[in-house]
């Protein structure tokens, strides 16, 4: 089973509180639908269109880059905007009395296409849905939270807590990753080769236009690695702080569920940052917890419940930390603050729909509150067969190829020329299918998108007509009305080949498909047929002044 094989397989739309968007207010509200863009990239485009700074764009939350996502943004006194590109669509939907923030969001709606679903997997998902509807799922942080692991950076905040500021900085800036593009790969190699020689690192950073200020500081203060973090973007520092804090929460909750779930109900599912535990039955949550589990602050001082402290302490010990070491001093932007997090979430409007057009495809639809991850709902519904993203399948296919165990995706003895994730639903042909409207549960607010954004598939280069008959012309064709009747034949010059012989010269650039003119001899010596003149071609067209 595969997810996110195509951008349109993962659709998300933001849900706002009823009444936030109205007909009057100081802030104009825009509905932004994006594909293969981050929320900040889309906000930058909107800021450019409205003539404001990116910092003036109001947001309720960040959306995943993968998939087709719809969310809202606000601009104080913003001008009307309506445009569409292959990756972004922006339209004005109304006004609001205050800037959009996370307090105005009630969650997100999801429609996820599951591809390559076997009959056994279909039955398993169908069997698990009633339990998920009744008992919900633990509110783990999903793998999107742990991009640091996908990029090989490890736990930067953990290194800082242990006093290893140089290791933290090196892991942040120079850790190699299979996801690096060629530019970043070269940049990291340059840093690794020059590490410790800060002026050389500064030159490398300057050549690539990245992190120059960090190494400028180290060239002045060679041992002040903690101070160098002041020159790391605040957003990046917070991402790594929250990633480690979320990891500790996940590990503690997984221990709680694993130790308290009934033996026949417990399910373990692997994930990027460690196995997560689910229960098919209701969890035994003490009433004093009020349905929450504490996201710990510094040294666990804000954790009130002894049982939660016990599981959090065990999670820290697995990382080589004591509760007193769970703090970061002397590094700006890494203050650990705690908060309560809902322990269990219940997907609203959960349903499974079979795609009748493509074999082996199911559509899963549900709503979740803010901060909950749809991929964890998928993991709970298919616990015995964790859903694959294309990256998962690629890594597994590479591992199988290295071990010599890769099998042909078509199921026969032919060589494995392409991995299974690169095909559509087994033996189904690649065909275009009509766009589906997103699922809108009953009682939804009017600010939801009326229909998903249609992103046309990219088209290849346009093929022009065949080359004209006779010897190839060296200059451009004359402009003017096409003559009626056959064109007069000019007398052949001395030594020229007989009429009808294929020309060895190349035709006008772009005159036809590759090989149409120069490959005439290879095609049997037949000359290319001249294009039929259009009847509505009344003469040369006037060229606009801007093109002259």
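When residues in segment 6-40 are screened for being in a helix (DSSP H, G or I) and either over 19 Å from residue 81 (Cβ atoms) or modelled with pLDDT of 95 or more (or both), 3 of them pass. One residue stands out among those in segment 34-47 that are surrounded by fewer than 23 Cβ atoms within 10 Å (Cβ to Cβ) and closer than 13 Å to residue 70 by Cβ: the one that is farthest from the chain's Cα centre (by Cα), which is 39.
Would you check which residues across segment 275-289 are part of a loop (DSSP other than H, G, I, E, B) and either without any contact (Cβ under 8 Å) to a residue 12 or more places away in the chain or surrounded by 15 or more Cβ atoms within 10 Å (Cβ to Cβ) (or both) and list them? Scanning segment 275-289 gives 280, 283, 285.
Only residues that are over 23 Å from residue 110 (Cβ atoms) and in a strand (DSSP E or B) were counted in segment 59-77, giving 3.
For segment 222-229, does any single residue satisfy the condition of being closer than 15 Å to residue 153 by Cβ and in contact (Cβ under 8 Å) with a residue 60 or more places away in the chain? First the steps, then the outcome.
If we filter segment 222-229 for residues that are closer than 15 Å to residue 153 by Cβ, which is where we start, we get 229.
So of that shortlist, the ones also in contact (Cβ under 8 Å) with a residue 60 or more places away in the chain come out as 229.
Taking every residue of segment 222-229 in turn, at least one turns out to be closer than 15 Å to residue 153 by Cβ and in contact (Cβ under 8 Å) with a residue 60 or more places away in the chain.
So for segment 290-302 (the condition being modelled with pLDDT of 95 or more, in a loop (DSSP other than H, G, I, E, B) and under 25 Å from residue 132 (Cβ atoms)), does at least one residue qualify? Within segment 290-302, one or more residues are modelled with pLDDT of 95 or more, in a loop (DSSP other than H, G, I, E, B) and under 25 Å from residue 132 (Cβ atoms). Residues that are surrounded by 14 or more Cβ atoms within 10 Å (Cβ to Cβ) and part of a helix (DSSP H, G or I) within segment 315-349 comprise 315, 316, 323, 325, listed in sequence order.
Per-residue answers, yes or no, for (1) part of a helix (DSSP H, G or I); (2) within 19 Å of residue 29 (Cα to Cα):
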| residue | (1), (2) |
| --- | --- |
| 92 | no, yes |
| 98 | no, yes |
| 120 | yes, no |
| 125 | yes, no |
| 128 | yes, no |
| 131 | yes, no |
| 148 | yes, no |
| 154 | no, no |
| 173 | yes, no |
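For the structure I just gave you, tell me whether residue 168 is modelled with pLDDT of 95 or more and farther than 22 Å from residue 366 by Cβ. Answer is yes for this residue. Per the listing 207, 243, the residue uniquely surrounded by 16 or more Cβ atoms within 10 Å (Cβ to Cβ) and assigned to a helix (DSSP H, G or I) is 243.
The values are calculated or read from the model by the stated rules, or taken from the named source; none is laboratory data. No experiment lies behind these values; they were computed from the predicted model shown. No Cβ is skipped: glycine too gets one built from the backbone with ideal geometry, and neighbour counts run over all protein chains shown.
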